[in-house]
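Participant: Before I ask anything, let me first share the structure, which is written out below as structure tokens.
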2 protein chains.
Amino acid sequence: MGHDDGVGTGARHHDGRRTDTRQRIHRIALEVFSERGYDRATLREIAERLQITRPALYYHFKSKEDILASIHRDLALSLDGIIAWARTQPATAATRTQILTELSSLLAGPWGQFTQFAQANEAAMRNLTGASEFIERTATLTEFLRPSDSIHGRIKARLALAALFMADARHDQLGGSDTARAQAALDVAAELIR
Amino acid sequence: MGHDDGVGTGARHHDGRRTDTRQRIHRIALEVFSERGYDRATLREIAERLQITRPALYYHFKSKEDILASIHRDLALSLDGIIAWARTQPATAATRTQILTELSSLLAGPWGQFTQFAQANEAAMRNLTGASEFIERTATLTEFLRPSDSIHGRIKARLALAALFMADARHDQLGGSDTARAQAALDVAAELIR
DNA sequence: GTCTATAGTTGGATAGAC
DNA sequence: GTCTATCCAACTATAGAC
């Protein structure tokens, strides 16, 4: 059929090299979903930016929702590295700060527009099975980040995450350079989970 | 036409008493928008819950977006009281804490599901003129809440707001009773803007 | 792997009667 | 103030050729 559900799979050329179309779709879809929100985003626009037609998308993904789910799988995967590392560390303030630093780096680099994407698609994520893996990772990270196992602790952990996301998304409202905002957010977040 | 754009206006009976249909639509629409998100919410479902037909909605509001804008106007109005009071107060930590307490009360009472609504509709709000008044109020409140005029200060102010919203919306992930969560959020928020 | 053409569905909005 | 009937636009998704 041409559809692959597993992470990292995809159509291959005769030389064994994976075609990059699936990844290009991935990238552009993330872009459009971030700008418009999942529901307002159309496959027409995604196809146009890719310079292909709508039906071509269906060769790589079996539905619009499948594209979204695929993005979520990638996001979940990106967090697994940090989670795995966190499991090997003692539950100290230093570890928590280090987790925040790693997350901040992800947001500054490969994830780029992730925060905007996540906020724009809060509604769509709620009833999406593919998003559950990602939400699960976030919950796990919150556990590692909380300074104490209480409501206070859980709130602080979630706020620390929110601080990082905020610096990434609210450039217009917070002012300052990207790095200045990221550093300030990291400061505030670290203070919270100390 | 039967359409009224001003806040608090609406069709009236011969005795001068405002009909409650407009307000009933208002309430149910807020409910459905919160659950589904604006884009996934259909006028069909709103009408069904109200036991009326879709066209009847158009007697009270001129479009789906008009209903959303109307809700945002109400939300903005609810914040004006707090803002007016804040203007009369000195910019002290005590004032900031008091603002948070007032907001917490609003979330516990009349606003109810506002937070869920706001999160579910982040995407829809971005390109909506009616939402700008509401966003403006939020920005004003942030100014009153910030402990210092710096990036750090602005982040802390926004996080304080986020804490209140979080306690309101994330009951499943935070645990505890409604009042316990609200109090904990207030504690953490107050500490942030001290 | 991508195309043209089209099926099938949904949902916002209007016309006009009562 | 609410109804029935209907229109229209937009979108997802599929069929089948190349």
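Participant: Among A:I151, A:L161, A:L174, flag the residue with its Cα farthest along the positive direction of the charge dipole of region A:133-181, charges on Cβ as +1 for Lys/Arg and -1 for Asp/Glu.
Facilitator: Selected residue: A:I151.
Participant: Taking R0 as 56 Å, what's the FRET efficiency between B:Q113 and A:D80 from their Cβ-Cβ distance, rounded to 0.05?
Facilitator: 0.95
Participant: A further question follows. With +1 on each Lys and Arg Cβ and -1 on each Asp and Glu Cβ, and nothing else charged, work out how big the dipole of region B:16-67 is about its Cα centre, in Debye to the nearest 20.
Facilitator: So the dipole magnitude of region B:16-67 works out to roughly 220 debye.
Participant: Then there's this: Dipole size in debye (nearest 20) for region B:29-141 around its Cα centre, Lys and Arg Cβ +1, Asp and Glu Cβ -1?
Facilitator: Roughly 80 debye, rounded to the nearest 20.
Participant: At B:Q23, with labels set 7 Å past Cα in the Cβ direction, how many nm apart are the copies from this one, shortest first?
Facilitator: Copy-to-copy label distances at B:Q23, shortest first: 5.9 nm.
Participant: Also, I was wondering about something else. Can you tell which of A:R54, A:R137, A:R87 shows the greatest fluctuation in a Gaussian network model of chain A with Cα springs below 10 Å?
Facilitator: Its mean-square fluctuation being the largest, the pick is A:R87.
Participant: Under 1.5 on a/c is rounded, so check that first for the protein assembly as shown, then, if it is not, pick prolate when a/b is larger than b/c and oblate when it is not; a ≥ b ≥ c are the square roots of the alpha carbon gyration tensor eigenvalues.
Facilitator: It comes out oblate by the Cα gyration axes.
Participant: Then there is this: Summing Lys, Arg as +1 and Asp, Glu as -1, what charge do residues with Cβ under 14 Å from the Cβ of B:I52 carry, B:I52 excluded?
Facilitator: +3
Participant: Still on this structure, I have one more. Over the alpha-carbon set of region B:16-67, work out the extent along each principal axis and list the three values in angstrom, largest first.
Facilitator: Result, largest extent first: 36, 20, 18 Å.
Participant: I've got another one for you. Could you grab the relative contact order for chain B? Cα pairs under 8 Å, six or more apart, rounded to a whole percent.
Facilitator: 22 percent.
Participant: Same structure, new question: Based on the alpha carbons, how large is the Rg to Rh ratio for region B:78-193 when Rh follows Kirkwood?
Facilitator: Computed over Cα atoms, the ratio is 0.95.
Participant: Suppose you put the label 7 Å out from Cα in the Cβ direction; list, shortest first and in nm with one decimal, how far A:E48 is from each other copy's label.
Facilitator: 3.3
Participant: Hey, another quick one. With point charges of +1 on the Cβ of Lys and Arg and -1 on the Cβ of Asp and Glu, referenced to the Cα centre of the protein assembly as shown, which listed residue (A:A41, B:L192, A:A94) lies farthest in the positive direction of the dipole?
Facilitator: Result: A:A41.
Participant: Could you tell me which of rounded, prolate or oblate describes region B:101-157, using a ≥ b ≥ c as the square roots of the eigenvalues of the alpha-carbon gyration tensor, with rounded for a/c under 1.5 and, failing that, prolate when a/b is larger than b/c and oblate otherwise?
Facilitator: Because a/c hits 1.5 or more and a/b fails to exceed b/c, region B:101-157 counts as oblate.
Participant: Please find the FRET efficiency linking B:A180 to A:E143, where r is the Cβ-Cβ separation and R0 is fixed at 25 Å, and quote it to the nearest 0.05.
Facilitator: 0.80
Participant: With a/c under 1.5 counting as rounded, go ahead and sort region A:67-110 into rounded, prolate or oblate using the C-alpha gyration tensor (a ≥ b ≥ c being the square roots of the eigenvalues; past the cut-off, prolate if a/b is larger than b/c, else oblate).
Facilitator: Since a/c reaches 1.5 but b/c is at least a/b, the shape of region A:67-110 is classed as oblate.
Participant: Let me ask something else about it. For A:K156, give me every one of the aspartates and glutamates with a C-alpha distance below 12 angstrom, ignoring sequence neighbours fewer than eight places off in its own chain.
Facilitator: Once the sequence-local aspartates and glutamates are set aside, what remains near A:K156 is A:E143, A:E191, B:D187, B:E191.
Participant: About its Cα centre, what dipole magnitude does the protein assembly as shown give when the only charges are +1 on Lys and Arg Cβ and -1 on Asp and Glu Cβ, stated in debye to the nearest 20?
Facilitator: 200 debye
Participant: Order by neighbour count: A:V32, B:V188, fewest other Cβ atoms within 10 Å first, most last.
Facilitator: Exposure proxy ranking, most exposed first: A:V32, B:V188.
Participant: Using a label point 7 Å beyond Cα on the Cα-Cβ vector, give me the inter-copy distances for B:D172 in nanometres, one decimal, shortest first.
Facilitator: 3.1
Participant: A further question on this structure: What is the diffusion coefficient of chain A in µm²/s, taking the Kirkwood radius over Cα pairs and the Stokes-Einstein relation at 20 °C with a viscosity of 1.002 mPa s?
Facilitator: Calculated translational D: 119 µm²/s.
Participant: Neighbouring Cβ atoms within 10 Å as the yardstick, rank A:S104, A:S34 fewest first.
Facilitator: A:S104, A:S34
Each value in this text was obtained by applying a stated rule to the coordinates, not by laboratory testing. Remember, predicted model here, so these are calculated numbers, not experimental data. Methodologically, a virtual Cβ is constructed for each residue, glycine included, from the backbone with ideal geometry; neighbour enumeration extends over all protein chains shown.
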